[in-house]
Every structure is written in structure tokens, then in C-alpha cells.
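What follows is a short report on a single structure.
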Amino acid sequence: LEAQLQQAQKMEAVGRVVGGVAHDFNNLLSIILGYTEVVVDELTEEHPHREPLEEIRDAAVRARNLTRQLLAFSRKQVLEMDVVDLNDLVRGFEKLLRRVIGEDIALLLHLSETPVMVEADASQLEQVLMNLAVNARDAMPDGGRLTIETGRQRLTERHSVLKPGLPPGEYALLRVGDTGSGMDRETLERLFEPFFTTKSRDKGTGLGLATCYGIIKQHGGHIRVSSEPGRGATFTALLPLAGNGAQPIATEAKQGAPAGG
Ligand code: ADP
């Protein structure tokens with residue numbers, strides 16, 4: 001519990017610093033990019049300065065895309081809450097997910113037979129699904145299975161202790177599993193940390209799971225992972241069911257750091 005709290009506080013602090021830096025960089029990059037474009041446009045194709053300037057411009061574009069990603073991660077999203085059926089959410093997102101994972105990976109939906117209603121910002125939960133699916137795809141370069149499951153889970157007193165901020169009760173469950181490479185202990189311990197990545201520099205930012213973690217926390221929920229090397233990975237998110245009063249919804253600035261501890 002202590003470790004989880006520390007983790008949440010660390011993420012908040014990192015988020016704030018990163019957000020500030022990214023914001024300033026974004027402004028500076030806009031200046032670099034703007035003037036470079038003006039000059040490039042004035043040069044003929046053959047001008048000896050044209051190519052180096054185009055290199056500068058392209059690097060500035062890449063840097064600006066990165067700062068945008070950082071901003072999206074660090075910004076406290078103001079949630080637009082609705083009552084959402086997780087089954088509808090998954091079905092509505094199915095087509096896009098299929099496109100993202102490609103043809104070599106099968107997408108299996110194991111949806112609960114009854115609606116699973118949560119109070120949530122649907123676009124944020126879609127973001128979670130997307131990030132998990134992209135990671136699953138990257139872990140299955142030779143193909144495999146991606147399974148998305150919805151349902152309910154009862155948290156007993158004993159299990160609730162292990163999940164800071166979640167009182168005992170019934171929760172909505174959203175589970176994303178893959179048959180990919182799986183993870184070793186070190187990765188498992190660190191994967192929700194901002195900027196932790198095992199991917200090459202152009203493929204990974206290490207922000208995907210930190211973002212998922214933040215979104216689920218902001219919804220008053222909990223996300224965990226189970227995995228072994230060579231045996232795939234399964235991410236399980238628990239969210240308060242709509243209207244059962246199990247958990248107040250945190251709307252802003254309250255990420256992580258449940259009271260007491
Ligand atoms: P990124 O994808 O940019 O590396 P993430 O925060 O999304 O950042 O993931 C952090 C790390 O966790 C990844 O680099 C990878 O090592 C590991 N990881 C995440 N999801 C999976 C998965 N489904 N299977 C195996 N490893 C994973």
C-alpha cells in the first residue's frame with residue numbers, strides 16, 4: 001500500500017514537471033518551425049541551404065509531436081461523465097481495434113450477457129483500450145490472440161485491502177489479455193511508471209500504461225497486470241458500477257493518493 005501511494009505521488013509530481021516543460025518547449029518549437037518554414041518556402045529546390053533546413057524542419061516536427069504526447073499525458077483531463085455500458089463501449093470500438101492490431105492477430109470478445117454500467121468518460125476508456133491493444137500488438141509480432149472481456153467482480157474485504165481506494169463491493173471488470181511475449185519481473189514492477197519502456201526510441205514513449213493508470217484512477221478504479229515471460233499478459237481494470245454508490249467519482253486533481261494508508 002505504501003509503495004502504491006508513493007507510486008501515485010511520484011506520477012503526479014512527474015506529470016506536473018513534464019507538463020510545464022512540454023508546454024514551454026511546444027511554444028519554442030512553434031517558433032523554430034514557423035520561421036524554418038518561411039525560409040524553406042523562399043528557397044529554390046536547388047538552393048544549397050534547402051536540404052539542411054528541411055532536416056531542421058522535420059526534426060522540429062518530430063519534437064513537437066513528442067511534446068504533444070507529453071502534454072496529453074500530463075494534462076489533467078476534465079472528465080465528461082456519462083453512464084456507459086462497457087459492452088457497448090467495446091462493441092463500438094471493435095472495428096478500430098481490429099484495424100490497429102492487423103490481420104495476424106485475432107480479436108475475441110467475451111462480453112457479459114447483461115449490461116455492465118459504469119459512470120465514465122467513454123473517450124477516456126477508449127483511450128485505455130487503445131493503449132492496451134497497441135501494447136498487445138507490439139508483444140505479438142508473429143500474431144496471436146487479443147481477448148477483451150467484460151463482467152463484474154465482487155471484492156471481498158480481504159481483497160479490497162490489496163487495492164488502495166477500493167472499498168469492498170461489486171465492480172465492473174474490463175480485462176484485456178494477449179498471447180504475446182509476456183514480461184519479466186523487472187518490467188512488471190515498473191511498467192506503470194511514466195517513461196518506462198523496453199521498446200526502441202522511435203516506438204515507445206513509456207507513457208501508454210502510465211496514462212491508463214491515471215485514467216482508471218481518475219474513474220475511482222484500479223488496474224493491475226499479470227504476466228509471465230513467454231505466457232502473454234493480462235490487464236484487469238475494476239471500475240465502480242454506476243449507481244451503486246460503491247465509490248465516489250473523482251473528477252479532477254485527485255488522482256491516486258487515497259486518504260489514509
Ligand atoms: P510503451 O508502449 O511506449 O513502451 P507503455 O507504458 O505502454 O509504454 O508500456 C511500458 C512497457 O511495458 C513496454 O515497453 C513493454 O515492455 C511492457 N508491456 C506493456 N504491455 C505489454 C504487453 N501486453 N506484453 C508485454 N509487455 C508489455
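Coordinate-derived values only; no laboratory data. Quick caveat, the model's predicted, so the values are computed rather than measured. A quick note on method: Cβ atoms are made from the backbone with ideal geometry, for glycine too, and the neighbour counts reach across all protein chains shown.
Descriptive notes on the structure:
- Degrees separating the helix 86-101 axis from the principal Cα axis of the chain, which is the longest one: 40 degrees
- The dipole here belongs to segment 42-171: it is taken about the Cα centre, uses +1 on the Cβ of Lys and Arg and -1 on the Cβ of Asp and Glu, and is about 540 debye.
- Using alpha-carbon coordinates, inclination of helix 50-74 to the longest axis of the chain, degrees: 20 degrees
- Between 0 and 90°, nearest 10: helix 2-42 axis offset from the chain longest Cα axis: 30 degrees
- The helix-only estimate of mean residue ellipticity at 222 nm for the chain, built from DSSP H runs of length n ≥ 4 each weighted as -39500 (n - 2.57), is -15500 deg cm²/dmol after division by the residue total.
- Quick note on the chain: its Rg to Rh ratio, both from C-alpha atoms and Rh being the Kirkwood radius, is 1.04.
- Peptides 81-88, 126-133, 16-23 ordered by average Cβ neighbours within 10 Å, highest first: 126-133, 81-88, 16-23
- Sites A63 and D88, calculated FRET efficiency, Cβ-Cβ separation with R0 30 Å, nearest 0.05: 0.20
- Between N27 and E55, the contour length at 0.36 nm per residue exceeds the Cα-Cα span by 8.1 nm.
- Simple spin-label estimate for D41 and R185 gives 5.9 nm between the two label positions (7 Å along the Cα-to-Cβ direction from each Cα).
- Computed FRET value (nearest 0.05) for T236 with S123, which takes r as the C-beta separation and R₀ as 22 Å: 0.55
- Options H49, V39, Q69, ranked by Cα towards positive dipole end of segment 32-78, top entry (Cβ charges): Q69
- S112-A13 FRET efficiency (beta carbon distance; Förster radius 41 Å; 0.05 resolution): 0.65
- Non-local lysine pairs in the chain, meaning eight or more places apart or on different chains, with alpha-carbon distances under 19 Å, amount to 9.
- Annotation: amide H-H contacts under 5 Å for E170 (H modelled 1.01 Å from N, sequence separation of 5 or more, or interchain): L155.
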